[in-house]
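The values are calculated or read from the model by the stated rules, or taken from the named source; none is laboratory data. None of the values given here were measured: they were computed from a predicted structure. For neighbour counting, all protein chains shown are included, and Cβ atoms are generated from backbone atoms with ideal geometry for every residue, glycine included. When the accessible area is computed, the model is the full protein with side chains, heavy atoms only, and any ligands, DNA or RNA have been set aside. Shrake-Rupley method; radii C 1.70, N 1.55, O 1.52, S 1.80 Å.
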Amino acid sequence: MSRTENIFDFLDVGIRAENLRQKSIANNIANLDTPGYRRLDVKFEEILAKTLDDDGSADIDDLEPLLYNPKNTPVNEDGNDVTMENEVGQLIQNSVKYRAYIRMLNKKYQQIQSAIDIK
């Protein structure tokens with residue numbers, strides 16, 4: 001088991017989680033009219049919260065985003081529970097999270113570059 005306090009590890013798994021969520025949203029939208037299709041979502045924040053220790057470190061091996069079927073949305077007459085409004089909302093939230101992870105990653109690289117440039 002790999003323990004970490006490295007911000008890069010957290011950012012990496014966060015970016016992977018948002019990429020997986022983006023794919024699941026796209027899949028949900030593609031199946032908007034598929035009879036019996038149930039939407040997919042990604043569990044990550046809950047897993048991260050359970051994995052973090054009191055000191056802020058975590059077992060990075062346990063930080064894997066999980067694709068799951070929430071089954072908590074109303075189903076229409078053909079058994080499908082996907083709505084365009086919900087998926088667009090999820091898409092917007094996901095975009096904000098993804099951009100935040102990328103900005104944090106860029107900031108960390110800028111800090112490293114600044115430290116290297118100091119002479």
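When restricted to residues that are touching a residue at least 24 places away in the same chain (Cβ under 8 Å) and open to solvent by 10 Å² or more (accessible area, probe 1.4 Å), the stretch 22-32 contains 4.
Filtering Leu32, Leu63, Leu52, Leu20 for residues that are at pLDDT 85 or above, under 18 Å from the mean Cα position of the chain (by Cα) and not β-branched (Val, Ile, Thr) leaves a single hit, Leu20.
Quick check on the stretch 33-52. Is at least one of its residues open to solvent by less than 30 Å² (accessible area, probe 1.4 Å), over 17 Å from Arg21 (Cβ atoms) and part of a loop (DSSP other than H, G, I, E, B)? Before the answer, list the steps.
Of the stretch 33-52, the ones open to solvent by less than 30 Å² (accessible area, probe 1.4 Å) are 39, 41-42, 44, 51.
Keeping just the survivors that are over 17 Å from Arg21 (Cβ atoms) gives 51.
Still in the list and also part of a loop (DSSP other than H, G, I, E, B): none.
Scanning the stretch 33-52 turns up no residue that is open to solvent by less than 30 Å² (accessible area, probe 1.4 Å), over 17 Å from Arg21 (Cβ atoms) and part of a loop (DSSP other than H, G, I, E, B).
Residue count for the stretch 62-119 satisfying the condition of being outside any loop (DSSP other than H, G, I, E, B), open to solvent by 100 Å² or more (accessible area, probe 1.4 Å) and charged (D, E, K, R): 4.
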